[in-house]
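Asker: I have a structure here, written as structure tokens, and I will follow up with some questions on it.
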Amino acid sequence: MQVTEVRTTVVGTPWRDLVFVELATDTGLVGVGEVRPVNKTDSFVAVVGELADRYVLGADPFDTERLAWAVERLEYGRPSEHGQSALAAFDIAAWDLIGQSLGVPLWKLLGGRFRDRIPAYANGWYKADLEPDRIAELALTVVARGYRAMKLDPFGAASVRLSAEARRRALAVVAAVREAVGPDVDLMIEMHGRFSPDTAAQLAVALEPFAPRWIEEPVPPENAVALRTVRAATTISIATGERIHSIWDAASFIEGGDVDIFQADMTHFGGFTGMRRLAGWTEAHYLTLAPHNVGGPVATAANVHFATATRNVDILEHFNDFADPWVNELVDVAPWVDPADGCFAPSDRPGLGVRLDHEACARYPRTGARLQLFVEGWQKRDG
């Protein structure tokens, strides 16, 4: 089996572009991958085209390690966000082809069924002004949908530090949500890398009465040492990793001892091949994985397969019930969270188990939207 064509399809939403990459083969099988580029769609698509010509066309999809080595090492420059994202799209599509060619769901090739249910947490549901009563009302819709966990960023457009008023408002939002959903629903508090270490530490202490499951990216994502101040201040679990793109850049975060949950994004971390390496290394340090997942149905399907077979996956992020739920139309059978227990179930369809619907994709052209975390009202995700 050889790849004969690489096709790219871009779908626009009010706040994100979804890029689907399909690998067509001489056997007639077509594999699909997906990436949500971070505000740089044109340059990402260009990298996909450039690397596809060099390393994908004519290749055997089974040769995933060779492909990863080519993108990460033959390119000479350090593995980058775009390069690792392009690799992820190719890798996910290649594994889809492998599963299809063997007639088995992908999780069977990643270690088999370790778990029957994959817990999920809701994200993207807080599309409103940061008013405590309104956010609490929306939180109740998440619980009603069956989720046992949810995440929110209550800090507005904050950067580095918070005023007394902004701090009070943020804590009021968290308090209102906790009161509304009760003690048995997990809350994850997103900080989006906004804060200086001392500010993040102070906020962690202030959040302790609300028993968050974790605080996420309390400081900017580049410097593992900066987490020490936060770690020393609180016993709340610290999660980070969504903006780390290679196993080499993950080293200081894993080895440093200040991270509890690693949140690498499969679609920016080299796909299944990168995530499988990460799983073993984090497990050796007793860390769990909670993959970052802001993609559409193809990326979500890939994450469900990975979580099915990987024993130190903790929980999976999911946007598509509360932000752009129409993205589920983009494939024939979208993965979904069961309202009975707030979990995904493994697919039994060959490969990823999803096929792209090009007519549906054509209904949603690019919008040019960007996610702008330091602009007031960004959380509304209205472009």
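Asker: Being buried (at least 23 other Cβ atoms within 10 Å of the Cβ), of a type outside the set (S, T, N, Q) and not in a helix (DSSP H, G or I) is the filter here; which residues of the stretch 264-293 pass it?
Answerer: Selection gives 264, 265, 269, 270, 289, 290, 291, 292.
Asker: Here are the criteria: (1) buried (at least 21 other Cβ atoms within 10 Å of the Cβ); (2) of a type in the set (Gly, Ala, Ser); (3) out of contact with any Ser or Thr (no Cβ under 7 Å at 6 or more places or on another chain). Tell me which single one residue 144 does not satisfy.
Answerer: Residue 144 satisfies every listed condition except (1).
Asker: Hey, another quick one. Do we find that residue 100 is open to solvent by less than 10 Å² (accessible area, probe 1.4 Å) and polar (S, T, N, Q) in this structure?
Answerer: No; evaluated as a whole, the condition is false for this residue.
Asker: Please indicate, with yes or no, whether at least one residue in the stretch 338-357 is open to solvent by 10 Å² or more (accessible area, probe 1.4 Å), in contact with a helix residue (DSSP H, G or I) (Cβ under 9 Å, 6 or more places away or on another chain), modelled with pLDDT of 95 or more and not in a loop (DSSP other than H, G, I, E, B).
Answerer: yes
Asker: To continue, here is another question. Could you check residue 39 against (1) assigned to a loop (DSSP other than H, G, I, E, B); (2) in contact with a Lys or Arg (Cβ under 8 Å, 6 or more places away or on another chain); (3) at pLDDT 95 or above and say which number it fails?
Answerer: (3)
Asker: When the residues of the stretch 51-89 are filtered to those that are open to solvent by 50 Å² or more (accessible area, probe 1.4 Å) and part of a loop (DSSP other than H, G, I, E, B), which remaining residue is farthest from residue 299 (Cα to Cα)?
Answerer: The qualifying residue farthest from residue 299 (Cα to Cα) is 76.
Asker: Right, something else. Considering only the stretch 130-151, state which residues are part of a helix (DSSP H, G or I) and either hydroxyl-bearing (Ser, Thr, Tyr) or at positive phi (or both).
Answerer: Once the filter is applied, which keeps residues that are part of a helix (DSSP H, G or I) and either hydroxyl-bearing (Ser, Thr, Tyr) or at positive phi (or both), the stretch 130-151 yields only 141.
The values are calculated or read from the model by the stated rules, or taken from the named source; none is laboratory data. What you see is a predicted model, and the numbers here were worked out from it, not measured in a lab. Cβ: placed from backbone, ideal geometry, glycine included. Neighbour counts: every protein chain shown. The area values use the complete protein model at the heavy-atom level, side chains included, leaving out ligands, DNA and RNA. Shrake-Rupley method; radii C 1.70, N 1.55, O 1.52, S 1.80 Å.
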